[in-house]
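Enquirer: My questions will all concern the structure given below.
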Amino acid sequence: MLAVHFDKPGGPENLYLKEVPKPSPREGEVLLKVAASALNRADLLQRQGQYDAPPGASSILGLEASGYVAELGPGCQGHWKPGDSAMALLPGGGQAQYVTVPEGLLMPIPVGLTLTQAAAIPEAWLTAFQLLHFSGNVQAGDSVLIHAGSSGVGTAAIQLTRMAGAIPLVTAGSQHKLQMAEKLGAAAGFNYKEDDFSEATLKFTRGAGVNLILDCIGGSYWEKNVNCLALDGHWVLYGLMGGATISGPLLWKLLFKRGSLITTLLRPRDKKYKQMLVKAFTEQVLPHFSTEDPQRLLPVLDRVYPITEIQEAHVYMETNRNVGKIVLNLSQ
């Protein structure tokens, strides 16, 4: 089969398609013929040599995919059959013509969604769901500050925050991104390039601060995050796009707020945790993607590239211009 490959860490120019052996499903696994796979920041970091695949996972890029069940491995429980369409959460391997998946990490594709749209759901939406409910314990009426509000995780978190009865606020780097976030349901948006989002957040909340912060930035935002965190608030850190270094009295300020700093990643989690997360998401959230749901959830797609243009897709993601997901089409 063909798969995205790079011989050494570096820039997008190192990526190319290579013929590699097609995997065979092991005990409890399904072989998925991939139609589409979305691009994630983790793919860029792995390409740069900064984020290796977890032990035992495929070293091929791609943390989510959609396609058709091609083969069932031994010990499968019979929930899936060859030819079924499905989408999958993956620790790696999605940017190839075939990928093996534990059957508990497969999800049905909601009525009315294309395979391309479905490929944009698993990693981003499960991450947002985990951040809000498993880590952040979001409650109805909470105010939630979502950094990178126009990203794949951000656009999912806005919609899931609304569904939980909470109030989403976002940061983004352009007026266009803020407008898109507000169309999805953000109550307010702050341009971090022009405004102090901490002061703007405090003004919006009338000085109370936000109950929950979803933060993929890290180091460069710590002081503003703590400043606009409500008493007893939760700050959930899931990325370090703004660096990992802290200089200043973080602990003192956090202690004064009685704040909780929670860190989480999804990719390195074990299979049991991921299956529990997928099950909860499938039961609680997936039905709301249906065209028949009056408060329909929708994955936001920015661009779709053929897999042959993998270098261009990485270059585009690195410009930070995308609103929503960048999807790779493998159905050729």
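For every residue, the table says whether it meets (1) buried (at least 16 other Cβ atoms within 10 Å of the Cβ); (2) in contact (Cβ under 8 Å) with a residue 12 or more places away in the chain; (3) assigned to a loop (DSSP other than H, G, I, E, B).
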{"position": "P21", "(1), (2), (3)": "no, yes, yes"}
{"position": "E27", "(1), (2), (3)": "no, yes, yes"}
{"position": "V30", "(1), (2), (3)": "yes, yes, no"}
{"position": "S58", "(1), (2), (3)": "yes, yes, yes"}
{"position": "A70", "(1), (2), (3)": "yes, yes, no"}
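Enquirer: Then there's this: Select from the stretch 73-122 the residues that are β-branched (V, I, T), out of contact with any Gly (no Cβ under 8 Å at 6 or more places or on another chain) and surrounded by 23 or more Cβ atoms within 10 Å (Cβ to Cβ) and write down the one among them that is farthest from L32 (Cα to Cα).
Expert: In this case the residue turns out to be I121.
Enquirer: Could you list, in sequence order, all residues of the stretch 156-201 that are touching a Leu at 6+ places or on another chain (Cβ under 8 Å), among the hydroxyl-bearing types (S, T, Y) and not in a helix (DSSP H, G or I)?
Expert: T171 - this is the single residue of the stretch 156-201 that is touching a Leu at 6+ places or on another chain (Cβ under 8 Å), among the hydroxyl-bearing types (S, T, Y) and not in a helix (DSSP H, G or I).
Enquirer: Can you tell me how many residues in the stretch 32-56 are part of a loop (DSSP other than H, G, I, E, B) and either farther than 15 Å from K325 by Cβ or outside the structural domain of V315 (by TED's automatic domain parsing) (or both)?
Expert: Residues flagged as part of a loop (DSSP other than H, G, I, E, B) and either farther than 15 Å from K325 by Cβ or outside the structural domain of V315 (by TED's automatic domain parsing) (or both) within the stretch 32-56 amount to 9.
Rundown of residues vs (1) outside any strand (DSSP E or B); (2) small (G, A, S); (3) at pLDDT 95 or above, yes/no style:
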position	(1), (2), (3)
K203	yes, no, yes
E223	yes, no, no
G242	yes, yes, no
G248	yes, yes, no
L254	yes, no, no
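Conditions (1) buried (at least 23 other Cβ atoms within 10 Å of the Cβ); (2) free of Cβ contacts under 8 Å to residues at least 12 places away in the same chain; (3) of a type in the set (S, T, N, Q), marked per residue:
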| site | (1), (2), (3) |
| --- | --- |
| Q175 | no, no, yes |
| L178 | no, no, no |
| A181 | yes, no, no |
| S198 | no, no, yes |
| N225 | yes, no, yes |
| G248 | no, no, no |
| K257 | no, no, no |
| S260 | no, no, yes |
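Enquirer: Among the listed residues R303, R296, which satisfies the condition of being within 20 Å of the chain's Cα centre (by Cα), assigned to a strand (DSSP E or B) and of a type outside the set (D, E)?
Expert: R303
Enquirer: Given the conditions (1) of a type in the set (S, T, N, Q); (2) surrounded by fewer than 24 Cβ atoms within 10 Å (Cβ to Cβ); (3) under 20 Å from the mean Cα position of the chain (by Cα), which single one is not true for Q139?
Expert: Against the list (1) of a type in the set (S, T, N, Q); (2) surrounded by fewer than 24 Cβ atoms within 10 Å (Cβ to Cβ); (3) under 20 Å from the mean Cα position of the chain (by Cα), Q139 comes up short only on (3).
Enquirer: Would the stretch 299-306 turn up any residue that is of a type in the set (F, W, Y) and closer than 17 Å to L115 by Cα?
Expert: Yes, there is a match, as at least one residue in the stretch 299-306 is of a type in the set (F, W, Y) and closer than 17 Å to L115 by Cα.
The values are calculated or read from the model by the stated rules, or taken from the named source; none is laboratory data. Predicted, not measured: the structure shown is a model, and the values here were computed from it. Positions of Cβ are backbone-derived with ideal geometry, glycine not excepted, and every protein chain shown enters the neighbour counts.
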